[in-house]
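The values are calculated or read from the model by the stated rules, or taken from the named source; none is laboratory data. Predicted model, so just to flag it, every value in this text is computed and none were measured. Virtual Cβ from ideal backbone geometry, glycine too; neighbours counted across all protein chains shown. Ligands, DNA and RNA are stripped out before the accessible areas are found, and what is left, the full protein with its side chains, is counted by its heavy atoms. Shrake-Rupley method; radii C 1.70, N 1.55, O 1.52, S 1.80 Å.
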Amino acid sequence: MPKLLSPAAVEAYRRDGYFAPVRVMTAEQALQYRQALEAHEGKLGQPLQGNLRHKVHLLFTWADALVHHPKVLDAIEDAIGPDILCWNTNFFIKEAHSPGFVSWHQDSTYWGLDPDEVITAWIALSDVTEESGYMQVIPGSHKVDQLPHVDTFDKDNLLSRGQEIAVDVDKSKAVGLTLQPGEMSLHHIKLVHGSDANRSNDRRIGLAVRYIPTYVRQTKVRDSAVLVRGTDKYHHFDPEPRPRADLDEAALAAHADAMGRQVKALYQGTEKTEFRA
Ligand code: NI
């Protein structure tokens, strides 16, 4: 028996490589998460940048709560089974009227995870519409092989290497995923997806949470992850500690260690030592 998704939703995820929307919290609760993020940005005097946009669940107790959210995990369990690691989190924030975009890509390109049973919960903390630059997907594209990508390192591209698919994507087949605050979309690691710039008056804020079943391996480096549900009998990943207080010394050390491994895996073959902004 599925825990949150209907059997038809699970079937749609397997067939199409995505499913949306899934309501996981109220709009008020989503606003509280947004306010926690923006309170920190207020102290910084600027939006989150660089490495601080990634693996945020190791830095902030509220982000740790979000990746452990029971409804999020119920949906993930329905899709990938009961033993679940959180491998990564990435904030995809597009400021109001800003040029940032995400080129067409498959997440699988540089992650080094095998097999490809990897799912993203993309949780909306703001209104996500066509105008604000919602995610667009090519249904069923997760069933094709890994496509060749080229690295552009375009400054407005929000991806780690500005990677984009090197062959033509049939945009007439694209479906846009509209989300309200507190809803999420689910997508498969090989699904072809991208998004345009934010032309709206508000920030577009999404937290992409990457979950894997415990049997998945990292083929590039000795990596780390957090067990968020069930048991891990494989130990393919070193366990990461949960933050006890926002940005305390232990949290910062754990984040630095985990990000070092991520950068090694994702920027393999380049000179980069930290994430682009
Ligand atoms: Ni992606």
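Of all residues in the range 222-277, those being of a type in the set (Val, Ile, Thr) and not in a loop (DSSP other than H, G, I, E, B) number 3. Restricting to the range 13-26, count the residues that are within 20 Å of the chain's Cα centre (by Cα) and part of a helix (DSSP H, G or I). The qualifying residues number 3. Any residue in the range 182-197 that is farther than 20 Å from Lys55 by Cβ, out of contact with any helix residue (DSSP H, G or I) (no Cβ under 7 Å at 6 or more places or on another chain) and open to solvent by 70 Å² or more (accessible area, probe 1.4 Å)? Taking every residue of the range 182-197 in turn, at least one turns out to be farther than 20 Å from Lys55 by Cβ, out of contact with any helix residue (DSSP H, G or I) (no Cβ under 7 Å at 6 or more places or on another chain) and open to solvent by 70 Å² or more (accessible area, probe 1.4 Å).
Within the range 15-47, being of a type in the set (Lys, Arg) and either free of Cβ contacts under 8 Å to residues at least 40 places away in the same chain or open to solvent by less than 70 Å² (accessible area, probe 1.4 Å) (or both) holds for Arg34, Lys43.
Let's see how each residue does on (1) touching a His at 6+ places or on another chain (Cβ under 9 Å); (2) surrounded by fewer than 18 Cβ atoms within 10 Å (Cβ to Cβ); (3) over 20 Å from Val22 (Cα atoms):
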site	(1), (2), (3)
Gly50	no, yes, yes
Val56	yes, no, yes
Val67	yes, no, no
Lys71	no, yes, no
Ile76	no, no, no
Ile84	no, no, no
Trp87	no, no, yes
Lys94	no, no, yes
Gly100	no, no, yes
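Pick from Lys220, Lys173: which is modelled with pLDDT under 95 and not aromatic (Phe, Trp, Tyr)? Checking each option against the conditions leaves just Lys220.
Taken over the range 100-150, residues that are under 13 Å from Ile165 (Cβ atoms), among the hydroxyl-bearing types (Ser, Thr, Tyr) and at pLDDT 95 or above amount to 1. Total residues in the range 104-154 satisfying the condition of being open to solvent by 20 Å² or more (accessible area, probe 1.4 Å), within 26 Å of His236 (Cβ to Cβ) and among the charged types (D, E, K, R): the figure is 5.
Listed by first and then second residue, the pairs with beta-carbon distance under 9 Å, at least 6 apart or on different chains, first residue in the range 119-138 and in contact (Cβ under 8 Å) with a residue 12 or more places away in the chain and in a strand (DSSP E or B), second crowded, with 24+ Cβ neighbours inside 10 Å and basic (Lys, Arg), are Ala124/Arg204; Val128/Arg204.
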